[in-house]
1. What's the center-to-center distance, using Cα atoms, between the range 181-243 and the range 288-327 in Å?
2. Just name one of GLN328, LEU264, THR149: the one whose Cα is farthest towards the positive end of the charge dipole of the chain (beta-carbon charges, Lys/Arg +1, Asp/Glu -1).
3. Once all Cα-Cα distances of the range 77-152 are split into 10 Å bins that start at 0, what whole-number percent is in each one?
4. Could you work out which residue, out of ILE90, ILE53, ILE198, moves most in a Gaussian network model of the chain, that is, has the largest mean-square fluctuation with Cα springs under 10 Å?
5. If you roll a 1.4 angstrom probe over the protein chains with everything in place, what fraction of the accessible area of the range 291-355 belongs to carbon and sulfur, to the nearest %?
6. Under the rule of -39500 (n - 2.57) per DSSP H run of 4 or more residues, summed and divided by the residues of the chain, what mean residue ellipticity at 222 nm is obtained, to the nearest 500 deg cm²/dmol?
7. Stokes-Einstein diffusion coefficient for the range 43-183 at 4 °C in a medium of 1.567 mPa s, Rh from the Kirkwood formula over Cα pairs: what value in µm²/s?
8. Quick check of the Kirkwood formula: for the chain, what is the inverse mean of 1/r over all pairs of different Cα atoms, in Å?
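The values are calculated or read from the model by the stated rules, or taken from the named source; none is laboratory data. From a predicted model like this one, the values you see are computed outputs, not experimental measurements. Cβ: placed from backbone, ideal geometry, glycine included. Neighbour counts: every protein chain shown. Side chains included, ligands, DNA and RNA excluded: accessible areas come from the protein's heavy atoms. Shrake-Rupley method; radii C 1.70, N 1.55, O 1.52, S 1.80 Å.
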Amino acid sequence: METKFKKIGILTSGGDAPGMNSVIKSVTCAAINQGVEVVGILGGYSGLINDRIKPLTKNDVAGIVSLGGTFLYSDRCDEFKTEEGMQKAIATCKKHNIDGIIAIGGDGTFRGATDLSIRGIPCIGVSGTIDNDITASDITVGYDTAMNTVMKLGDALRDTCESHARCNVIEVMGRNAGYIAIETGLALNAIGVAVQEIPFDKEALFEKMNEARKNGKRSFIVVVAEGLGAEFSEGLVTEIEEKTGIETRFVRPAHIVRGGIPTLADRNFAAKCGYKAVELLLNGVSDVVVVSRHDQIVSMEIKFALILDRMYKNKLKDDDLEGFTVEQIKQMKEICKERHDYFVNMYEVVNAIGY
Ligand code: F6P
């Protein structure tokens, strides 16, 4: 491949996610194999502002795919949102002759990537977040591992619940998205799953639990998405005990779910995204994010992806759709509908077959 790029940078930003290391490894090897140097930017955008740059060789990244967390460290960086911070970041790129950047993270990371692209540093985003809350992508790097971690914890809770004829409420991460809750709820055969996106019928849950207990069911798992807040999830424990008489315990695995050995699905998805990101960047593409759509690894303009996300989350501002064609807006609506339908269907299934 003929490319004008001589050196590219890679960073991970925002909450870490298992599989990020697989993107790093994939990007590093794919680029070096094209004769392009790679540097790691340590600690996300703050590393770019503060000139924390580390050259990467293939040996440096050998063996990191099986590690959780991010080998390049991460940060949530407010300074990068300012023009001054942005200019410092650009100065670092110039100082080290960084021709382009691959940025792994969530929507905040993509906003940073688009801001840099506009200012002349070509960037490609790769989705890395356990929350699966990037509307543009059917799945995100880290999501599968997080779900599997919750599943394992939930299985362990099931054992002790069965022994003691108890219920356990598990509050799982996901920020404002209920994907982890819904999918793990199904995998754990939870009797109820409560998420922020859909009103939860507590009385129906209590009724179901009472009926199940009458029929001899001993253990119960209820999964609650963190988006509903601590008051809701912790309060539910007391309410279950009051309304059903079933002894109930509470667990919040929190950041445990963000660490750990990445699953095969995450490692391989991450590796493919990294490869695609390098291919795009070296071919002169910029300001796009690599996403998964219907099992295909494709790219989407970051601006499109960000506005699509706002549309899905009902956060569109008045002028957000200005500049998009009728066809693009139609496409956004179709993606939102597809995602919404999937979510609602999953919610119905999980709450319908819990008992
Ligand atoms: O976005 C990933 C995530 O782990 C969310 O699930 C959670 O709400 C948030 O980050 C926690 O953020 P922090 O690591 O800053 O506590």
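1. Computed from Cα coordinates, the inter-centre distance equals 34 Å.
2. Most positive-ward Cα: LEU264.
3. Pairs per bin, as whole percents: 18, 42, 25, 12, 2.
4. ILE198
5. 53 percent
6. Values: 12 runs with 165 residues, N = 355.
Result for the chain: -15000 deg cm²/dmol, rounded to the nearest 500.
7. Roughly 74 µm²/s, to the nearest whole number.
8. 21.3 Å
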